[in-house]
Amino acid sequence: MKSISQFATAALVGTFCFASSAFAGPGEDMARAHFASIGSGKVDALNAAYTDTSVLEWVGGPLDGVYTGQAKIGEVWKKFTGAQGALKVDVTNIQENANPAGVTVTADVRFSGKNTIPVRYVLTYRGDKLSSEVWQIDPKLGK
């Protein structure tokens, strides 16, 4: 027969494991909001995350290129959301890594609508602003 302390320990460990996987960090929350804004075409919300020194590196597809600054990045999102319309957003394999200088979030994101666009995402936040963003079209994620 197990002692009360063994049951208490098992319950505490189970609670810790659940809690650690149930709560996203601030970077993951910001990334999920960013993905949702892309899917819903909210360019103003997207633009609010950038500064004049932010960099978006779009790898693959018709918007392939490197864009710097809030204004240039906003133009890209206007083109993209205008062409695609509303998109369903599926996020998998999301990971957040943080230290006092910033947060990096990586994720596999599939945007589905007129087209299915499989993207390997890397976002770097400094404070609550995106300092860099990599949008990598990755056909193997579309399978």
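The set of residues in region 30-45 being more than 8 Å from the chain's Cα centre (by Cα) and either among the acidic types (Asp, Glu) or assigned to a helix (DSSP H, G or I) (or both) consists of 36, 37, 38, 39, 40, 43, 44, 45. Once region 92-143 is narrowed to residues that are hydrophobic (A, V, I, L, M, F, W, C) and not in a strand (DSSP E or B), the residue that is farthest from residue 81 (Cα to Cα) is 101. Just one of the listed residues (21, 5, 37) is at pLDDT 95 or above and at negative phi, and it is 37.
Here's the yes/no breakdown for (1) within 12 Å of the chain's Cα centre (by Cα); (2) modelled with pLDDT under 95; (3) surrounded by fewer than 16 Cβ atoms within 10 Å (Cβ to Cβ):
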residue: 89; (1), (2), (3): yes, no, no
residue: 118; (1), (2), (3): no, no, no
residue: 124; (1), (2), (3): yes, no, no
residue: 138; (1), (2), (3): no, yes, no
residue: 141; (1), (2), (3): no, yes, no
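The values are calculated or read from the model by the stated rules, or taken from the named source; none is laboratory data. Everything numeric here is computed off the predicted structure, so don't read it as measured data. Heads up, the Cβs are rebuilt from the backbone with ideal geometry, glycines too, and the neighbour counts pull from every protein chain shown.
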